[in-house]
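The values are calculated or read from the model by the stated rules, or taken from the named source; none is laboratory data. Note that the coordinates shown come from a computational prediction; the quantities given were computed from them, not determined experimentally. Virtual Cβ from ideal backbone geometry, glycine too; neighbours counted across all protein chains shown.
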Amino acid sequence: MDASALNNPRLKAMIEEERTKAMANELVAKLTFLCWDKCVTGSVGSSFSRSETSCLSNCAKRFSEVKMMTMQRFTGRS
Amino acid sequence: MDSFSSSLPSSGPGANPDAVMEQIKAQLAQAYAQEFLETVGNKCFEKCVTKPGSSLSGSESSCISRCVDRYIEATGIVSRALFSSQR
């Protein structure tokens, strides 16, 4: 790809938007991967139980908190 | 992502940004779908095929169908928990 095409500010903005979306998708994929193992422990049913559903939801939210905590700890503010 | 950038259309200064973006979006979507399929395949193999036999049993097959549906549902639950809940 000719690098001069990247001087187009509209193209840059569109690429940046796709980059943000891709990063969000990657986070969702990673968390689903992790939380599936934590929350879907027994056999697979034809729907999730209420506890499985809330486990998955809690798992995602707690992960965000852990991420924040580890960053704060690492940078010396806890 | 080297193979990704080398497969973009060669575009000069007059290239149409919308066409370039459509190509980028299509390739991103395809890469995402491939990765998703691989992940789901692995997870559901772990879940459903505990003792591999000489062929997939009926219960293993239906387990895999349910597992794929559940994994898609789980993706939605995680996505909403991350991006649409307000504290």
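For every residue, the table says whether it meets (1) of a type in the set (D, E, K, R); (2) modelled with pLDDT under 95; (3) part of a helix (DSSP H, G or I); (4) within 19 Å of the chain's Cα centre (by Cα).
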| site | (1), (2), (3), (4) |
| --- | --- |
| B:L8 | no, yes, no, no |
| B:A19 | no, yes, yes, no |
| B:K25 | yes, yes, yes, yes |
| B:G41 | no, no, yes, yes |
| B:C67 | no, no, yes, yes |
| B:I72 | no, no, yes, yes |
| B:T75 | no, no, yes, yes |
**Message:** Please go through region A:16-35 and give me each residue that is aliphatic (A, V, I, L, M), more than 8 Å from the chain's Cα centre (by Cα) and within 7 Å of chain B (Cβ to nearest Cβ), ordered by number.
**Reply:** A:A22
**Prompt:** Can you name every residue in region B:40-74 that is crowded, with 16+ Cβ neighbours inside 10 Å, among the β-branched types (V, I, T) and without any contact (Cβ under 8 Å) to a residue 24 or more places away in the chain?
**Reply:** B:I64
**Prompt:** Is it fair to say A:K12 is in a helix (DSSP H, G or I), out of contact with any Leu (no Cβ under 6 Å at 6 or more places or on another chain), more than 8 Å from every other protein chain (Cβ to nearest Cβ) and modelled with pLDDT of 95 or more?
**Reply:** no
**Asked** Looking at (1) modelled with pLDDT under 95; (2) among the β-branched types (V, I, T); (3) within 30 Å of B:S65 (Cβ to Cβ), which is the only condition A:V40 fails?
**Response** (1)
